[in-house]
Each structure stands twice: as structure tokens, then as C-alpha cells.
């Protein structure tokens with residue numbers, strides 16, 4: 001089985017999405033799946049990269065989109081890739097029927113804020129003749145960083161959910177509901193996450209030696 | 001009053017330009033000025049995900065391109081209309097690319113609660129009333145529902161209730177204008 005994991009974060013290897021995608025790829029490989037990872041932003045920068053990704057989608061039995069939530073849906077370059085895949089699949093006489101799954105993380109505490117993005121991925125699968133294979137969605141994605149194991153509790157829920165998802169996807173199944181539930185569990189209490197977040201922005205501003213306050217209004221009619 | 005139209009049409013898309021014409025005509029009867037940005041003609045890079053608009057140059061993206069002109073116009077408008085082909089229930093790449101670049105800039109990164117869930121504080125005291133107008137070549141109730149939900153969720157980001165409509169197979173500007181009129185009425189834009 002060939003799996004293609006498309007990472008939709010512009011931050012590439014330094015992103016939470018890359019961490020999640022890498023762990024899923026490892027899990028798939030442990031289950032004898034040939035898993036290939038492709039960063040979408042970088043791929044779309046050239047015609048060759050774009051063609052390579054589209055060819056890879058055509059040649060895959062399983063496609064997994066891994067991305068951060070941007071303004072309640074997919075980051076724009078991933079949207080572009082979906083448009084291109086859809087166009088190509090209408091031109092090809094008998095495109096394959098790969099399965100499509102999605103892994104979404106957002107910076108808000110509530111995993112349900114990813115629901116619209118998951119809905120878009122599912123509808124894309126249905127309208128382009130792919131088979132929907134489920135999703136994992138989590139809030140508090142801002143705390144993942146580059147290494148999931150550094151999370152409180154060693155990121156056990158996330159790692160277990162990814163393992164369960166990989167095992168099921170490798171067997172030709174969908175992501176199990178148990179994995180979706182486990183993945184969506186909050187990493188810490190809501191009050192703590194928002195406190196850390198609010199302090200974190202101010203600390204970043206100071207670290208970057210910004211001349212503007214956090215509340216600056218550059219186009220200040222309002 | 002000033003209105004802004006964000007035209008998210010794709011190359012070869014025949015329906016969204018008609019919706020843009022109809023919306024422009026409907027808005028012109030209610031506001032003093034209507035500004036239109038055809039997004040695919042502008043040089044706008046995708047968001048780099050650096051959060052520089054919050055922690056380096058608060059209120060402004062660190063990338064200097066045409067998105068800054070759109071942001072300036074957005075902040076100075078009373079009404080902003082997203083016009084886009086409905087893309088699997090979402091926006092076109094062109095509109096999404098712009099929104100990824102400007103929405104964080106108009107928010108204060110600190111958290112607050114809106115509608116029972118966590119969102120960000122507002123950077124500005126006032127925001128344009130947002131309206132979503134999607135186009136589809138044929139009926140697709142699921143895509144239409146998803147589009148309405150996405151537009152509504154985008155409204156929560158700026159602490160607003162947002163109205164939207166999907167024009168299905170509307171190919172003449174007069175029908176598009178009438179639909180846009182209804183949408184403006186629903187959104188409470190005075191005639």
C-alpha cells in the first residue's frame with residue numbers, strides 16, 4: 001500500500017503538523033505501508049513540485065492531509081492543491097479511488113473548532129470520487145511544538161491516537177472513533193492554556209523587540 | 001458608507017464574475033462608495049504562519065505586498081462582501097489566501113470567550129459588517145450548508161453574526177443583483 005501524507009503548514013519541519021505527520025508516517029511504515037511525506041507549500045512553489053504532488057496523489061492508495069486550522073478552514077495552499085486535484089480527476093477517464101483522511105490541529109482550546117475544516121476535507125473526498133477515511137482533530141495545538149513527547153504526560157493521548165489511526169488505515173480501514181476521541185482530549189485545563197497563551201504573546205513581542213504595542217492599530221479609523 | 005467587495009473568482013469561472021456584478025450594483029444603491037479587489041489580479045503571498053502580525057509588527061503582516069492595500073480598505077469599510085465560488089463548502093484559493101493574510105492582523109492575539117468558545121480579542125473598535133456570497137454551478141445542499149457554517153464561524157472571529165447566501169447557476173447580473181439585495185436586507189444594510 002502506498003500512502004501520501006501532505007503537510008499543510010507553511011512552517012515545514014518546524015511545525016506541529018510536521019510532528020504529527022511524521023509520527024503517523026512512522027506508524028504506517030511499522031505496518032508495512034510505504035509512506036511518503038510532502039510539504040504542500042514548498043511543493044506548490046514550482047510547476048515541477050506541483051506536478052510531483054499531483055502524480056503522487058494519483059499513485060496513492062491513501063492520502064492524509066495534516067494541517068493547522070487557518071481562519072476556520074484549510075491553509076490557502078492546501079485549498080489550491082484540492083482545487084488542482086479536483087480539476088485533474090475530472091480530466092482523467094478512470095482515476096483511482098484512494099482513501100482520504102485528515103488530521104487537523106488548531107490553536108484554540110476546543111477541538112470542535114476544526115469541524116468545518118474536517119467537513120471541507122470530507123466533502124472534497126466525496127465530490128472527487130475518493131473514499132473518506134475519517135479524521136483526527138485537536139485543540140491547544142499551540143503547545144505541540146516540534147516534539148510531541150515533550151508535552152505534559154509525554155503526549156500519550158496524541159501518540160496513542162496516531163498509532164491506532166495508523167494501524168487501522170494500514171489495514172484498509174478508517175480512523176477509529178476511539179482514536180478521534182483520544183486525540184481530541186484537552187492537553188491541559190482551559191484556564192492554564194489561555195493563561196500561557198496570553199503571556200506567551202507578550203513575551204514573544206518583547207523577544208522580537210517590537211516597537212509597537214500588542215494592541216497597535218496601524219489603520220486606526222476604529 | 002463604504003463597501004468593499006473581495007472577488008475570489010477563479011480563472012475560467014463564469015458565475016462568480018456575474019455575482020460580483022450583481023453585488024456591486026446592489027451595494028451601489030445603498031452606499032456612497034464601492035471598492036472592488038479582484039484578488040487573482042493582485043500579488044498576494046500565502047501566509048507564512050510566523051505570527052509576525054501579532055509579535056513583530058502588530059496589526060500588519062511582515063510581508064509587504066498587495067494584501068496591505070486590501071487590509072487598509074477592509075479596516076476603513078462599513079461593509080465587506082466575500083464573493084467566491086463555493087469550493088467543497090469553503091472559499092476559493094484566492095479568497096482564502098487573502099483572508100489568511102488579513103484576519104489575524106485585525107485581531108488582538110489575547111484570548112476571550114465568544115459564543116461559548118475561545119476566540120481572540122478585537123484590535124479595532126469597529127469592524128465592517130461581513131457578508132458571504134458563494135456561487136455554485138448546480139445545487140449541492142451539503143456544500144451550501146458548509147459554506148454558511150464557515151461564513152458564520154468567520155463572523156465569530158470578529159464577534160459578529162454574519163449572513164450568507166449561495167447563488168446556484170445564476171448567470172445573469174439582474175438575478176444576482178436581486179439575490180444580493182435580499183442578502184443586504186437580511187444583513188440589515190439600510191436601503
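Quick look at the numbers
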| item | result |
| --- | --- |
| Options B:42, B:71, B:36: the member that is free of Cβ contacts under 8 Å to residues at least 60 places away in the same chain, more than 19 Å from residue B:170 (Cβ to Cβ) and within 12 Å of the chain's Cα centre (by Cα) | B:71 |
| Subset of segment A:91-111 (residues that are more than 20 Å from residue A:37 (Cβ to Cβ) and within 12 Å of chain B (Cβ to nearest Cβ)) | A:106, A:107, A:108, A:109, A:110, A:111 |
| Search result, residues across segment A:180-199 that are free of Cβ contacts under 8 Å to residues at least 24 places away in the same chain, assigned to a helix (DSSP H, G or I) and more than 8 Å from chain B (Cβ to nearest Cβ) | A:181, A:191, A:192, A:195, A:199 |
| Matching residues in segment B:179-191 - criterion: being surrounded by 15 or more Cβ atoms within 10 Å (Cβ to Cβ) and in a helix (DSSP H, G or I) | B:179, B:180, B:181, B:183, B:184 |
| Complete set of residues in segment A:141-177 that are assigned to a loop (DSSP other than H, G, I, E, B) and either closer than 23 Å to residue A:11 by Cβ or free of Cβ contacts under 8 Å to residues at least 60 places away in the same chain (or both) | A:144, A:145, A:146, A:147, A:151, A:173, A:176 |
| Which listed residue is out of contact with any helix residue (DSSP H, G or I) (no Cβ under 7 Å at 6 or more places or on another chain), surrounded by fewer than 14 Cβ atoms within 10 Å (Cβ to Cβ) and without any contact (Cβ under 8 Å) to a residue 60 or more places away in the chain, from A:206, A:217, A:202 | A:206 |
| Of all residues in segment B:100-118 being more than 7 Å from chain A (Cβ to nearest Cβ) and either within 18 Å of residue A:218 (Cα to Cα) or in contact (Cβ under 8 Å) with a residue 60 or more places away in the chain (or both), the one that is surrounded by the most Cβ atoms within 10 Å (Cβ to Cβ) | B:101 |
| Selection within segment B:1-47 - more than 14 Å from chain A (Cβ to nearest Cβ), over 22 Å from residue B:75 (Cβ atoms) and out of contact with any strand residue (DSSP E or B) (no Cβ under 7 Å at 6 or more places or on another chain) | B:14, B:17, B:18, B:21, B:22, B:25, B:26, B:29 |
| Failed item, numbered, when residue A:141 is tested on (1) at pLDDT 95 or above; (2) in contact with a strand residue (DSSP E or B) (Cβ under 6 Å, 6 or more places away or on another chain) | (1) |
| Extreme residue, farthest from residue B:61 (Cα to Cα), among residues of segment B:82-99 that are outside any loop (DSSP other than H, G, I, E, B) and at the interface with chain A (Cβ under 7 Å from one of its Cβ atoms) | B:87 |
| Every residue from segment B:120-173 that is more than 14 Å from chain A (Cβ to nearest Cβ), over 19 Å from residue B:15 (Cα atoms) and in contact with a strand residue (DSSP E or B) (Cβ under 7 Å, 6 or more places away or on another chain) | B:163 |
| In segment A:61-90, the residues that are at the interface with another protein chain (Cβ under 9 Å from one of its Cβ atoms) and in a loop (DSSP other than H, G, I, E, B) | A:71, A:72, A:74, A:75 |
| Qualifying residue in segment A:77-93 (condition: over 21 Å from residue B:143 (Cα atoms) and crowded, with 24+ Cβ neighbours inside 10 Å) | no |
| Members of segment B:119-128 found to be crowded, with 22+ Cβ neighbours inside 10 Å and either free of Cβ contacts under 8 Å to residues at least 60 places away in the same chain or over 23 Å from residue A:142 (Cβ atoms) (or both), listed by number | B:120, B:128 |
| Residue ID - farthest from residue B:118 (Cα to Cα), chosen from residues in segment A:112-134 that are more than 11 Å from chain B (Cβ to nearest Cβ) and in a loop (DSSP other than H, G, I, E, B) | A:129 |
| Within segment B:54-70, considering residues that are assigned to a helix (DSSP H, G or I) and more than 10 Å from every other protein chain (Cβ to nearest Cβ), the one nearest to residue A:14 (Cα to Cα) | B:67 |
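The values are calculated or read from the model by the stated rules, or taken from the named source; none is laboratory data. Source: prediction; values computed, not measured. Counting neighbours? That spans all protein chains shown, and the Cβs are built from the backbone with ideal geometry, glycine included.
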